[in-house]
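Please read the structure below before turning to the comments.
Values in this text are rule-based calculations from the coordinates and carry no lab data. Note that the structure is a prediction, hence the values are computed from the model and not measured. Neighbour counts are summed over all protein chains in view; Cβ atoms, including those assigned to glycine, are modelled from backbone coordinates with ideal geometry.
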Amino acid sequence: MTTVSAAPDLGPARGAAGTRRSAPRRTQVERRAESERRLLRAAAELLVERGIEGTSLAEIGRRAGYSHGLVHQRFGSKDAMIARLTDEAARLFTTTMVERIGNATGALAVRVLAETYLSLVQGPDPVARVHLLVWSEAIANGSGEHRTRPSWDRVFRSSLATMIKDGIARGSVRADVDPVPAAVVIVGLLRGVALQQILDPAAGSIAGARTVALDHLDRMLRPTVLNPRPDAPVGR
């Protein structure tokens, strides 16, 4: 019987001249982007875990694996980093919502937006929870730079109001719904559910709370149809 010997272990791959191949060096732009991504992720994790006052730039650097000096070089101050994180959270929400809403309009668009918001806030990415922290601490502190963050809320409410107006025009939202106050109520509902789930995960099922919130939005916005067919029993 002819035996076949195993191929010899030639060690790390080598080039034509016998030199060891190395991974291509990243550009300065790539290295900067990577360090910023890691710093922002570390900042989001620590802010969610400890709050704004309990987080320092030095701790953020350590969590990300970089020096304290690099954090200052990239962001300058904790307030500047929080502002950058808030912008990143807004980008995350906007990009994801636009993608998921697609061509949906009216009441359906509102439902998709609400479902997307809750899934992001209750998901694994801490960046999606930073705006809740900034919002709650701004109220607790009563004043300071963090009170200048309501622009995110204004955009959120404005988007919802536009969807509701469009739904009224298309017939998927009741004509007696006032878009602007309705948008305020919807943001309050979503934020309240999200805060409770974050502060007290034992408060109840995340999936259950999400289902109840979305069903409430449907009842709040959609026209009530009674006996859509002459032969259809009421309540079916």
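Could you tell me which of rounded, prolate or oblate describes segment 29-76, using a ≥ b ≥ c as the square roots of the eigenvalues of the alpha-carbon gyration tensor, with rounded for a/c under 1.5 and, failing that, prolate when a/b is larger than b/c and oblate otherwise? Can you show the working numbers first?
Numbers: a/c = 2.27, a/b = 1.67, b/c = 1.36.
Because a/c hits 1.5 or more and a/b exceeds b/c, segment 29-76 counts as prolate.
With no solvent and one equal point scatterer placed on each C-alpha of segment 23-154, evaluate the Debye formula and give log10 I(q)/I(0) for q = 0.14, 0.15, 0.18, 0.19 Å⁻¹, two decimals.
-0.70, -0.78, -1.02, -1.09
Quick one: which of 43-53, 28-38 comes out on top by average Cβ neighbours within 10 Å, and what's the full order, highest first?
Details: 43-53: 17.9, 28-38: 12.1.
The packing order, highest mean first, is 43-53, 28-38.
Which value, in debye to the nearest 20, describes the size of the charge dipole of segment 34-154 about its Cα centre when Lys and Arg Cβ atoms bear +1, Asp and Glu Cβ atoms bear -1, and nothing else is charged? The partial results should precede the final answer.
Details: 16 positive and 15 negative charges, 19 e Å.
The calculated dipole for segment 34-154 is roughly 100 debye.
Among 76, 54, 35, pick out the residue whose Cα is farthest towards the positive end of the charge dipole of segment 29-76, where Lys and Arg carry +1 and Asp and Glu carry -1 on C-beta, about the Cα centre.
Checked the options; the winner is 35.
With the cut-off at 1.5 for a/c, could you classify segment 180-220 from its C-alpha gyration tensor as rounded, prolate or oblate?
Numbers: a/c = 4.53, a/b = 1.57, b/c = 2.88.
It is oblate, given that a/c is not under 1.5 and a/b is not larger than b/c.
Would you kindly state how much longer the chain becomes between residue 125 and residue 91 on full extension, computed as 0.36 nm times their sequence separation minus their alpha carbon distance, in nm to one decimal?
Details: separation 34, 0.36 × 34 = 12.24 nm, distance 1.33 nm.
My answer for the length gained is 10.9 nm.
Contour minus end-to-end for residue 73 and residue 26, with contour as 0.36 nm per residue of separation and end-to-end as the Cα-Cα distance?
Working: separation 47, 0.36 × 47 = 16.92 nm, distance 2.00 nm.
Using 0.36 nm per residue and subtracting the Cα-Cα distance, I get 14.9 nm.
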